[in-house]
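First comes the structure, then the notes that go with it.
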Amino acid sequence: MAAAPARRKHEMRPFFPLDAGRSKRQKLRHKTLQKLQEEALHLLSCHQNLDDLLLEAGSSVCDKPSHPTSLSGTTGEASEPEQLVVSALRDRATTLGVPVGTLSARAAASNIGKICAEAGEAVLLNPQQREKLSCLFPTLKGLLAQNAFCHLQFAQEMWKMQSPLFLEVAWRLHTESLVSLEELLENHPNDAAVLEQWLSHSLRLLCSQAAEPSLAACPLESMLTDIAAVFLRNGFKKTCELGKKPGSQKLPKISCAVLESMLAWVLDSVAQESRGEAPEPKAVKCWLHIYSTTAYQGRVPPEALQRFLSHTLAQVLTYNPQLKVSDAVHLQREWCFTRTSPVLALLFRKLFVLFEAEELIRHLQKVLETSEVNWHHVLSCVSTLLVCHSGAEALVKDFLSQLLRKAFESYDLENMVTAFLIVRQAALEGPAVFMPYLEWFKASFGSARGFHCTSKKALVFLFKFLSELVPFEAPQYLKVHILHPPFVPTKYRPLLLEYIALAKTRLADFKVSIEDMGVYEDLSAAKEEGQPRSQALQDVEKAVQIFQNTGKIPAGVMEASIFRRTYYTSRFLPALLAPRVLPEEPDTCMALIDALKRAEKIPLNMYATYIEGCQAAKEKFLQGGSTEWEASSLKEPLELLKAELEALRPLIMDPSKHGGTLVQIAAVSEKLTDVLGRPADEDDAAFLSLRIPLDLSAPDVKRQHQGVVDLLLASFCQNVMAASYFLAPDRQGAWPSLFVRMIAGHRPLLPSLLGRLCQLLCHQGSALSDAHLLGLAVFAVHLNEAESLIPAVDICSLWVPHSPPARGLSITGLWEHLLACRTGESVLFCMRFCTAALSYALCKFVSLSHEGLCAVLHPAFVKKVANVKFPDDFLEVGLQVWVRRNPQMQKMKTRRSRARVGNAAAALRTLLRESSIIPAGDTTDPRTSRFAVAMADVLFCSFSTPCHGSASKLEGLAMTGAQPTLTPATRTLPSACGRKQRFRKLTEEKAFQLTLQEWLLMELSTDPEDDLLPSSERLAFHYWALYQHYLPRPSAAGGCDGNLRKVCATFIGAVLDFGHRSELSHCGPQKNLTSPVSQGRGNADLYCRLQEMLLEVELVHRRAPCDTGSPEGHFLFQLFQERRKTLGNTATLGEKLGRQQEVLLQTRILLGLPPSLLTARRRKGTRVVLDCEGFFSFVNTELKNVCPRGSMLPYDVTAHFFRGLLSASLECDNPAEEVTAALSLGQAGCPMILSSAARWWQQMEPVLSSEWERLFQGPLAQGLQRLRELAVSTCRFLASGAAFVASSEAPWLSGAFLHFALERRAVNDEAQEDALKRLGAGAEKVLVSLLFFSLLDFITAEVAPQEGVDAQKALDWCSKVLRCLEERGVPWLEVFSAAGTGHSPGQILRSTISDQHLKLLPVAFYR
């Protein structure tokens, strides 16, 4: 029985039962493996080093490529390393019986402690430490996301590390949102002092390492501002917020303490710098970055930021107040803005950003009243405030007044000290910033209205204060107090004398004499070595200037001659009487010397020495062959000429002697010939074809002719006034005409004569007296009469020498340029001048026929008067003002006399109104009658015999050469302006009517900044003139027959003419093509009127019936083309420049108009289509030839066209289709538009996209979308290496986009070659286009270097493209060939460039 089982043991079993058993064993083995893995994991977690595990898990996360969906904490599923870490932490926590968050916090802190321990004492990590830390952060974030990390416990554990915490570590924990800086600081175990010391020390070390190269990877500024933001949020909360959380007082105190400690470190550095020690400027300036308010936008409440800055300002002003007032008085000169420490000045400027000047003054006042201050910082703050805030001067003056008021109310010395220190500090910044100390002292104490004059106690208080200052005062302030003492009543004079004696004693200690004080010396400035001599020269210059303006000896000079005799005789007079070569005509300095000599202020011996020195200087100068010999040699002939001119005056004053005037004028002519010299025969022949050049901006008067011309004009004016005192103009005979004709016969003198007239009328008109003005007006009238004797005049300048309208002018055409009404003064002068000329002509030529009067009187004189808008009560108000200004008029007490003048004024007003010069029914405010005052001065001056007067007295006055005083007319003025019918008939002549073109030119020349009329009245005047006067009037009367389009055409022509005149008158270089039309001179309001009219024309055109012919919308380009036809064939350089200037001006006009006007709309069947043909033609024929780059339009022009295209398409039924069609036509008819779009697309695309969205709210038009796709394809090709997708329709345009993209990116040579290699097989035409545009860049670099194109780079790029073409076997010579059809690629490329670039293409190739 026992053997049976053994035997069965070895028996074979069936197959299926065996197979079933193996299956059961495999399942059992799988379960066992899983259990073994869990046990192994548990075993590992129990023996795993948690510190190393955290780093290893973080390293595995760092090694993985970043992906938006794999960031820790952003998904609920943790990675395998994080699962391992969590499992290990949980097992260890279970074993130890502690929370898993606490265990992970300790492990993390231990890790960070090991990282920080590797570098010892520092605040910044090295790159290796920074890398380890960055690997630890993802693990901690994952633990935090799974609630396996306690950040509060971590904050506590961070302070338990053996090695000190790095400031960078704390910042990175804060920025990674693992534990905030507030939590770290709140959980510090020690007291606040230790924490404050650690923070301050760490921040200083951090700033000190600012310049180290190892900090390239460390955002130092961000670290500082992040830490400072925490301090600001917690340290400068509102008071009500501080007690909300228990224990919340610790962090605010620490924050304020750290900021104050760092500020003290900055201010100590400033003090070290002032002592000459070596501070740390870079480290300190690094900390100053925290005061930049822009760094805290959105992070710190504005109120907290303001409290911080105001608190800091108070801390700066009160920091370390060790300086005494005496030290401040002595040292404050070193504290002006230019000498202030750069660190302190920068700190003040940053603190001032959020405050207005008023707030800063209030802060300063509060600090001065409540605290002891550091005067260095306070006074430096005042200087910085005055320099940096433009409106601070007035506020500081008010503050000083408050200080003085308080000082004298309570007799407080502190307020007095503060006021004097501040005002002296302010005066140190110079008169451009603050008034001089002298002026302030005089204004405050120099009159009886000063605070010191209220009582004797106030006077004693002031002089006690000044006396206490004397030992510490600088000499210049003592001089101010002595020379300009405070006002003191007579009975208290001893107080002043006592102080002056004390101050003079102190000056004697300085070895400074009060007698060396300059007359006009800046007493706020320090006296330097050698100043007395230079100060005397400055005093002389100032005295001469004052004498020139007033005609009187300056009061300061008279005072010095009496009270400071030593300085006057030893310094001032030697400087004034310095020997020199005296001019032929006495100048202002000589006149001042003569005035002082007549006043017996120059000793006779000193004057004799001066005359001898001048003679010796003249002899010495002449020995050197100077041209002064010519002027001196003219002295005797000039004296003879002057005598003959004086002999003429009695003849013209007496009617019985008029017969001898012609003989005497002949004698004058003979003497004039002697002065000028007799010309040779060949010179006479040359004078027959003489053309007179005249530069309006700088008229030239030959030196040898200066005295002669002035003598002739002065004599003529004196003769006119002398004759008019006795005789009416029509009874004076022909002497004025003969005199002018005599001068016109001396042709060598005419250029200087016209130059002198230009100087007087254009540059000195407002300074002319009435006598000069009337005399020159009469001279002008008779110059017109002698027009045939005067050569043609060419108005030229340095920059515009070939301006066609300014060449070959007659003398009558010259007045239009000499009498330009630009400013209020020039308008006033032109009105006075033209009124005087008009009045004289009507009085003088009484016997002439109407035709003769028209021939003699220049139309400009009437038109200038007609341009002024006269108020209804113009003459009455003007007469009243004139009577008040002229005492002689007040002597006319008889009603009859005054009635005569009133009747004359009424008659002239009626004439002007009936001649359309005064608008009917105009009741303008009488304040605008400033014109009336000026005109009344002229209109009511007598051209007739006074009722009573002494002939001998007037004759003697005229013979002395003095200017006679104008007397009012004592009878009616029919000879001046009472010829009502004649004047009306004169204004009815077409030549005397002010046309719209002329009126626009005059108004455009008006400077709106210096206009006599207020802007509202000028605007009303424009509307009246355009819409009520010129628009409805018939064309025969100078109007436009109600045609608004005609008004616009005239308007545009006037703007273009004005542009040419502006270039001529300014003598400036050509302006930029893209500058607006209203830039520079010109009334901008008129351009607004032009825009209004053009828009009105546009609206009328839209309402017009269907028109398939030539659209009216092109009338702008038609007008431009007609004007260009008048410029000639541009055969000469001058004509070419004129044409270029015309095109530039036309372009400026287009840029100043609404963009929609560039594109016309017309009907084609039942739909409205866009017509850009006019603009395309303008670009192809003209505009492309004035573009510097030659192949593209400026951005303004390109964007203007595209915006206009979108605006114009609003009227179309299918805007997108019409825009696409217009761009397709432009591709064939004006390729430069598209090449320009390729250049500027990056800037234009946002504008056009937003414009399209605003107008149509739909997808872009297909044409614009294609341009966008080309730009995007080009960017992708260059940025990411994508394949280049060229346009099948216009491969040249793809090449343009690629070329300009490479230019913008400024890629290197390798990138260029790589881009060429990556172009596909179908990019042959793109390569040809690249070659073409690269050649254009090379040409531009050579012909227009101001465009900034590098010629060598352009040449290298051309070579690379050409090499690529050759390697591919692509034919490229077609870009140089003029043959081929108009739409071939080569011809399209050639049509995108200017004619100049096209001619230079072969030259560039063979370069």
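The values are calculated or read from the model by the stated rules, or taken from the named source; none is laboratory data. Computed from a predicted structure; not experimentally measured. All Cβ positions, glycine included, derive from the backbone under ideal geometry; neighbour counts span all protein chains shown. The area values use the complete protein model at the heavy-atom level, side chains included, leaving out ligands, DNA and RNA. Shrake-Rupley method; radii C 1.70, N 1.55, O 1.52, S 1.80 Å.
Does Leu596 count as part of a helix (DSSP H, G or I) and either open to solvent by less than 60 Å² (accessible area, probe 1.4 Å) or at positive phi (or both)?
yes
Whether any residue in segment 383-391 is in a helix (DSSP H, G or I) and among the polar types (S, T, N, Q) is what I want to check.
Checked segment 383-391: at least one residue is in a helix (DSSP H, G or I) and among the polar types (S, T, N, Q).
Is at least one residue of segment 1277-1296 closer than 12 Å to Ala1238 by Cα, among the aliphatic types (A, V, I, L, M), surrounded by 20 or more Cβ atoms within 10 Å (Cβ to Cβ) and within 42 Å of the chain's Cα centre (by Cα)?
Looking for residues that are closer than 12 Å to Ala1238 by Cα, among the aliphatic types (A, V, I, L, M), surrounded by 20 or more Cβ atoms within 10 Å (Cβ to Cβ) and within 42 Å of the chain's Cα centre (by Cα), one finds at least one in segment 1277-1296, hence yes.
Would you pick out the residues in segment 317-346 that are within 18 Å of His389 (Cβ to Cβ) and modelled with pLDDT of 90 or more?
Residues satisfying the conditions are Leu317, Leu344.
Out of all the residues in segment 711-724, is one or more surrounded by fewer than 21 Cβ atoms within 10 Å (Cβ to Cβ) and not in a helix (DSSP H, G or I)?
no
Is segment 677-686 home to any residue that is modelled with pLDDT under 85, within 23 Å of Ala771 (Cα to Cα) and open to solvent by 70 Å² or more (accessible area, probe 1.4 Å)? It would help to see each step written out before you state the result.
Going residue by residue through segment 677-686, those that are modelled with pLDDT under 85 are 677-686.
Pick out the ones that are also within 23 Å of Ala771 (Cα to Cα) and you get none.
No, the conditions are met nowhere in segment 677-686.
Considering segment 1017-1028 alone, what residues qualify as being under 14 Å from Gln997 (Cα atoms) and either open to solvent by 30 Å² or more (accessible area, probe 1.4 Å) or without any contact (Cβ under 8 Å) to a residue 40 or more places away in the chain (or both)?
Of everything in segment 1017-1028, just one residue is under 14 Å from Gln997 (Cα atoms) and either open to solvent by 30 Å² or more (accessible area, probe 1.4 Å) or without any contact (Cβ under 8 Å) to a residue 40 or more places away in the chain (or both), namely Ala1025.
Specify which of the listed residues (Arg405, Arg307, Arg349) is out of contact with any helix residue (DSSP H, G or I) (no Cβ under 8 Å at 6 or more places or on another chain), basic (Lys, Arg) and either at pLDDT below 90 or in a helix (DSSP H, G or I) (or both). First the steps, then the outcome.
Values: Arg405 fails: out of contact with any helix residue (DSSP H, G or I) (no Cβ under 8 Å at 6 or more places or on another chain); Arg349 fails: out of contact with any helix residue (DSSP H, G or I) (no Cβ under 8 Å at 6 or more places or on another chain).
That would be Arg307, the only listed residue that is out of contact with any helix residue (DSSP H, G or I) (no Cβ under 8 Å at 6 or more places or on another chain), basic (Lys, Arg) and either at pLDDT below 90 or in a helix (DSSP H, G or I) (or both).
When you go through Leu1144, Leu1210, Leu1223 one by one, which is the residue that is touching a Gly at 6+ places or on another chain (Cβ under 7 Å) and among the aliphatic types (A, V, I, L, M)?
Residue meeting the stated conditions: Leu1223.
If you go through segment 749-776 one residue at a time, how many are under 17 Å from Asp794 (Cα atoms) and either surrounded by fewer than 18 Cβ atoms within 10 Å (Cβ to Cβ) or without any contact (Cβ under 8 Å) to a residue 40 or more places away in the chain (or both)?
1
Touching a residue at least 40 places away in the same chain (Cβ under 8 Å), over 19 Å from Gln1387 (Cβ atoms), among the basic types (Lys, Arg) and buried (at least 20 other Cβ atoms within 10 Å of the Cβ): which single residue out of Arg1239, Arg1203 fits that description? Show your work before the answer.
Values: Arg1203 fails: buried (at least 20 other Cβ atoms within 10 Å of the Cβ).
Within the list Arg1239, Arg1203, the selection yields Arg1239.
Filter segment 332-368 down to the residues that are closer than 16 Å to Glu429 by Cβ, open to solvent by 30 Å² or more (accessible area, probe 1.4 Å), out of contact with any Asp or Glu (no Cβ under 7 Å at 6 or more places or on another chain) and of a type outside the set (Ser, Thr, Tyr) and list them by number.
Selection gives Arg333, Glu334, Arg339, Arg349.
For Glu559, which of the numbered conditions (1) at pLDDT 85 or above; (2) within 21 Å of Phe547 (Cβ to Cβ) fails to hold?
(1)
Determine, yes or no, whether Gln322 is over 39 Å from the mean Cα position of the chain (by Cα) and under 21 Å from Leu379 (Cβ atoms).
Numbers: over 39 Å from the mean Cα position of the chain (by Cα): yes; under 21 Å from Leu379 (Cβ atoms): yes.
Here the answer is yes, as Gln322 does meet what is asked.
For Glu1374, indicate whether it is without any contact (Cβ under 8 Å) to a residue 24 or more places away in the chain, in a helix (DSSP H, G or I) and either closer than 20 Å to Val1285 by Cβ or more than 45 Å from the chain's Cα centre (by Cα) (or both).
For Glu1374, the condition - without any contact (Cβ under 8 Å) to a residue 24 or more places away in the chain, in a helix (DSSP H, G or I) and either closer than 20 Å to Val1285 by Cβ or more than 45 Å from the chain's Cα centre (by Cα) (or both) - is not met.
Assess whether Leu403 counts as being surrounded by 14 or more Cβ atoms within 10 Å (Cβ to Cβ), without any contact (Cβ under 8 Å) to a residue 40 or more places away in the chain, aliphatic (A, V, I, L, M) and more than 26 Å from Pro302 (Cα to Cα).
Criteria met by Leu403.
Examine segment 375-391 for a residue that is surrounded by fewer than 17 Cβ atoms within 10 Å (Cβ to Cβ), modelled with pLDDT of 85 or more and not aromatic (Phe, Trp, Tyr), and state whether such a residue exists. So that I can check it myself, show each step before the final result.
First, the residues of segment 375-391 that are surrounded by fewer than 17 Cβ atoms within 10 Å (Cβ to Cβ): 388, 390-391.
If we keep only those that are modelled with pLDDT of 85 or more as well, we get none.
No; the residues of segment 375-391 include none that is surrounded by fewer than 17 Cβ atoms within 10 Å (Cβ to Cβ), modelled with pLDDT of 85 or more and not aromatic (Phe, Trp, Tyr).
Residue-by-condition table, conditions (1) modelled with pLDDT under 85; (2) in a loop (DSSP other than H, G, I, E, B); (3) farther than 24 Å from Glu280 by Cβ:
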site: Asn190; (1), (2), (3): yes, yes, yes
site: Ser200; (1), (2), (3): no, no, no
site: Leu203; (1), (2), (3): no, no, no
site: Ala210; (1), (2), (3): yes, yes, no
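Looking only at residues that are within 30 Å of Glu639 (Cβ to Cβ) and not charged (D, E, K, R) in segment 551-572, which one is surrounded by the fewest Cβ atoms within 10 Å (Cβ to Cβ)?
Applying the filter and picking the extreme gives Gly551.
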